[in-house]
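Undergrad: Handing you a structure now.
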Amino acid sequence: MRRRPPTSAVTILVAVRDDGADLAATLKGVAGTCRDVRLDVVIADGGSTDPDTLSVLAEARRTGMRVLDMDGWSSPARRLDAAARAARSDDLVFLEAGVVPRGAGWVEELLSRAAAPRCGAVGALIASPNGVVYHAGFAVGPRFSVADRFGGSHASEAGHAGWLDVAQEVSAVSIAGMLTRRQDFEAVGGFDALRFPTSFFDVDYCLRLRAASRRVLFTPDARFELERWDPRNGSALWQPFADRQRAALAERWRLVPGCDPFYSPWMATDGPTHSGLAWPPPPFEARQPHAPTPFPSRVEMSEAR
């Protein structure tokens, strides 16, 4: 069932730093596919110096978009958090520079799903131009961390049990294409830019929403194209930094195989999601969706003493 909420405006939030070509592609795609909803675009720039990027930002200002000038040391999480707090509408759509909508109706689909009871966030399907799925929500616990659901599948496939064809509840969705309500964003404190400055701040945010009894949904009917997908790892230089954030996420939320209520324990957790059955099979026990519980870190426990 589709629900069309009474809204007339959404705020598009993008963080950039010398990503001129990617930013231009996203802004052009968004403008060409949103006809019935008024857009308020906020771009958080982290000290870009590239001439092409500066030209794109100047054109964005000229057409009425807002650009937040932040210093070059500001992290993506901090930039997006600042952009969200500068928003003028109740509906916030976070997009990664470079994502391009595949046809019209994507924002209406996200708004429609967000009107479901207790919905805190809705994520879109992200695929390559040739249809390879990059992201269809996150599963937490596989490989003791976070995994893109159905990564490597083709967008034309139905996926295991047809799950890639239907909207569903998941543990988390990506900042590359996510809608959330401003009141929910503020209620859980926005992004934790201190512990997750560059990676996993979207996953942590979704888990905090769920801990507050909100639901996180994925819909395959809002689709974006992205030329390259590497939001979790980055370059080899930054890999140790990303690994520390991954460890912090696992410590805060106790991410172990079987902890995701939306990923069957009968599915393998030592490879790509939904790629095979778990062996040996786990005990057969009835499960129900449950809200995650954050655990204090070692630093927080030491400070408490």
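Undergrad: Please name all residue pairs, on different chains or six or more residues apart, with Cβ atoms under 6 Å, provided the first residue is in segment 78-89 and is buried (at least 19 other Cβ atoms within 10 Å of the Cβ) and part of a loop (DSSP other than H, G, I, E, B) and the second residue is among the hydrophobic types (A, V, I, L, M, F, W, C) and at pLDDT 95 or above.
TA: Correct list of pairs: empty, since none qualify.
Undergrad: Another one. Does segment 241-259 include one or more residues that are at pLDDT 75 or above and within 30 Å of Val107 (Cα to Cα)?
TA: yes
Undergrad: Find all pairs meeting these conditions: Cβ atoms under 8 angstrom apart; at least six residues apart or on different chains; first residue within segment 24-38 and under 12 Å from Ala60 (Cα atoms); second residue in a helix (DSSP H, G or I).
TA: From segment 24-38, the pairs are Ala24/Val56; Leu27/Val56; Leu27/Ala60.
Undergrad: Take the residues in segment 158-187 that are of a type in the set (A, V, I, L, M, F, W, C) and free of Cβ contacts under 8 Å to residues at least 60 places away in the same chain; name whichever of them is surrounded by the most Cβ atoms within 10 Å (Cβ to Cβ).
TA: Val173
Undergrad: Suppose we keep only residues that are surrounded by fewer than 18 Cβ atoms within 10 Å (Cβ to Cβ) and in contact with a helix residue (DSSP H, G or I) (Cβ under 7 Å, 6 or more places away or on another chain) within segment 198-221. Which one would you say is farthest from Val30 (Cα to Cα)?
TA: Ala212
Undergrad: Among the residues of segment 250-266, which ones are free of Cβ contacts under 8 Å to residues at least 60 places away in the same chain and not polar (S, T, N, Q)? Before the answer, list the steps.
TA: Filtering segment 250-266 for residues free of Cβ contacts under 8 Å to residues at least 60 places away in the same chain gives 251-252, 254, 264-266.
Answer for segment 250-266, where residues must be free of Cβ contacts under 8 Å to residues at least 60 places away in the same chain and not polar (S, T, N, Q): Glu251, Arg252, Arg254, Pro265, Trp266.
Undergrad: So which residues in segment 8-23 are assigned to a helix (DSSP H, G or I) and either within 18 Å of the chain's Cα centre (by Cα) or free of Cβ contacts under 8 Å to residues at least 12 places away in the same chain (or both), if there are any at all?
TA: Asp22, Leu23
Undergrad: On the basis of being assigned to a strand (DSSP E or B) and over 20 Å from the mean Cα position of the chain (by Cα), does Val41 make the cut?
TA: no
Undergrad: Quick one: which of Ser213, Ser235 is out of contact with any Cys (no Cβ under 6 Å at 6 or more places or on another chain) and modelled with pLDDT of 80 or more?
TA: Of Ser213, Ser235, the one residue that is out of contact with any Cys (no Cβ under 6 Å at 6 or more places or on another chain) and modelled with pLDDT of 80 or more is Ser213.
Undergrad: Here is a follow-up. Checking the condition surrounded by 19 or more Cβ atoms within 10 Å (Cβ to Cβ), over 17 Å from the mean Cα position of the chain (by Cα) and under 27 Å from Arg223 (Cβ atoms), which residue from Val99, Val56 passes?
TA: Val56
The values are calculated or read from the model by the stated rules, or taken from the named source; none is laboratory data. Given the structure is predicted, the values throughout are model-derived calculations rather than measurements. So basically every Cβ, Gly included, is an ideal-geometry build from the backbone, and we count neighbours across all protein chains shown.
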